[in-house]
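K.L.:
Pasting a structure below so you can have a look.
The values are calculated or read from the model by the stated rules, or taken from the named source; none is laboratory data. All values reported here derive from a predicted model rather than from experimental measurement. Cβ placement follows ideal geometry from the backbone for every residue including glycine, while neighbour counts extend to all protein chains displayed. The protein model used for the area step is the full one, side chains on, heavy atoms only, and it has no ligands, DNA or RNA in it. Shrake-Rupley method; radii C 1.70, N 1.55, O 1.52, S 1.80 Å.
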Amino acid sequence: FRRVLFRSLRAPGLAQVWKRPDANAEVWRERAFEIVLEGDWVTGVFDRVVVEREASGAVRRAVVFDFKTDRVAGEEGVEAAVARHAGQLNLYRRVAARLTGLSPGAIECVLVFTRVRRCVSVSVE
């Protein structure tokens, strides 16, 4: 696992994940949440969320990064993994929207496949 982690930290394809946000942003790391969403109790943990703010402090946008260690091979394997995890990421999108006050469309969700060192954006459902 350690080897995968260190390779991920240095991988050009994952640079956006580790990029230091500007001074008006905050980063949530391993942030737990519990929320009632559409009548259902939802509990989870965000791996990493970057919340970008205007100079006034108003939230402008947010990016949810979810780390996956799936063993995927080729483009078909990545596509299958994205399809498998899309529901979870879209749930995280709705939770992040509620917590930040943004619309779900203003929340970007990114799957970070650490083994293949690749990021894939997840479309809004």
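K.L.:
Considering region 38-61 alone, what residues qualify as being in contact with a Phe, Trp or Tyr (Cβ under 9 Å, 6 or more places away or on another chain) and closer than 30 Å to D22 by Cα? Write out each step before concluding.
P.N.:
Quick first cut of region 38-61, residues in contact with a Phe, Trp or Tyr (Cβ under 9 Å, 6 or more places away or on another chain) only: 42-51.
Selection gives T43, G44, V45, F46, D47, R48, V49, V50, V51.
K.L.:
List the strands (runs of 3 or more DSSP E) inside region 13-107, counting only whole elements, that have at least 1 residues being under 18 Å from V122 (Cα atoms). First the steps, then the outcome.
P.N.:
Values: elements: 25-37, 40-53, 59-68.
Fully inside region 13-107 and qualifying: 40-53, 59-68.
K.L.:
Can you tell me which residue is most open to solvent (accessible area, probe 1.4 Å) among those in region 73-89 that are more than 18 Å from D47 (Cα to Cα) and either touching a Ser or Thr at 6+ places or on another chain (Cβ under 8 Å) or without any contact (Cβ under 8 Å) to a residue 12 or more places away in the chain (or both)?
P.N.:
Of region 73-89, the ones more than 18 Å from D47 (Cα to Cα) are 73-80, 83.
Applying the additional criterion that residues be either touching a Ser or Thr at 6+ places or on another chain (Cβ under 8 Å) or without any contact (Cβ under 8 Å) to a residue 12 or more places away in the chain (or both) yields 73-77, 79-80, 83.
Values: A73: 82, G74: 54, E75: 94, E76: 154, G77: 19, E79: 108, A80: 51, A83: 76 Å².
Out of the qualifying residues, it is E76.
K.L.:
Being more than 16 Å from T114 (Cβ to Cβ) and either open to solvent by 20 Å² or more (accessible area, probe 1.4 Å) or among the acidic types (D, E) (or both) is the filter here; which residues of region 43-72 pass it?
P.N.:
Scanning region 43-72 gives T43, V45, E52, R53, E54, A55, S56, G57, A58, V59, R60, R61.
K.L.:
Now, a different point. Looking at A106, A73, A96, A81, which is the one that is of a type in the set (A, V, I, L, M, F, W, C) and within 17 Å of I35 (Cβ to Cβ)? Give the derivation first.
P.N.:
Working: A106 fails: within 17 Å of I35 (Cβ to Cβ); A73 fails: within 17 Å of I35 (Cβ to Cβ); A81 fails: within 17 Å of I35 (Cβ to Cβ).
Matching residue, one of A106, A73, A96, A81: A96.
K.L.:
So which of F33, F67 ends up being of a type in the set (A, V, I, L, M, F, W, C), in contact with a helix residue (DSSP H, G or I) (Cβ under 9 Å, 6 or more places away or on another chain) and either under 15 Å from A96 (Cβ atoms) or modelled with pLDDT of 95 or more (or both)?
P.N.:
On the way: F67 fails: either under 15 Å from A96 (Cβ atoms) or modelled with pLDDT of 95 or more (or both).
Among F33, F67, only F33 is of a type in the set (A, V, I, L, M, F, W, C), in contact with a helix residue (DSSP H, G or I) (Cβ under 9 Å, 6 or more places away or on another chain) and either under 15 Å from A96 (Cβ atoms) or modelled with pLDDT of 95 or more (or both).
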